[in-house]
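The values are calculated or read from the model by the stated rules, or taken from the named source; none is laboratory data. Remember, predicted model here, so these are calculated numbers, not experimental data. Note: ideal-geometry Cβ built from the backbone for every residue, glycine included; neighbour counts use all protein chains shown.
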Amino acid sequence: LVAQGYQGIEITCRMAGDAPFVTDEGNFILDLHMGQIADAKALASAINQIPGVVENGLFIDICSAVVVGNADGSVRMELKSGADTEVRQMMGDTNENLFSDIES
């Protein structure tokens with residue numbers, strides 16, 4: 001990853017209380033904190049070439065839209081095509097906020 005230009009990467013083992021989290025397949029999850037990602041495809045490829053890596057959390061070319069819920073109840077959808085971002089209030093006029101428990 002250093003060859004890709006990433007410096008100061010912080011790696012932490014995902015925990016479940018005091019013990020490492022173990023997946024259904026018996027694997028550990030390592031979280032990489034590396035700041036801004038310059039080239040997600042190249043990074044995913046580099047991570048997948050590391051011996052012992054089963055999968056990574058970069059979801060490259062598998063969806064056509066990302067839906068983000070905001071604390072105010074609005075929803076932002078970003079389309080892969082580059083089309084305009086849509087903003088909608090999902091709960092209509094009920095004033096019910098799906099995301100009221102999320103801290104801003």
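Condition test on Ala3, is it in a helix (DSSP H, G or I), loosely packed, with under 10 Cβ neighbours inside 10 Å and without any contact (Cβ under 8 Å) to a residue 60 or more places away in the chain? Judged against the criteria, Ala3 is a match. Consider segment 33-54 and keep the residues that are exposed (fewer than 12 other Cβ atoms within 10 Å of the Cβ) and under 18 Å from Thr12 (Cβ atoms). The one that is modelled with the lowest pLDDT is Gly35. Quick check on my filter: what residues within segment 1-56 are at positive phi and within 16 Å of the chain's Cα centre (by Cα)? Correct list: Gly35 only. For segment 58-100, filtered to residues that are farther than 30 Å from Lys41 by Cβ and under 19 Å from the mean Cα position of the chain (by Cα), the residue that is modelled with the lowest pLDDT is Phe99. Assigned to a loop (DSSP other than H, G, I, E, B) and within 30 Å of Ser81 (Cβ to Cβ) - does that describe any residue in segment 9-31? There is no residue in segment 9-31 that is assigned to a loop (DSSP other than H, G, I, E, B) and within 30 Å of Ser81 (Cβ to Cβ).
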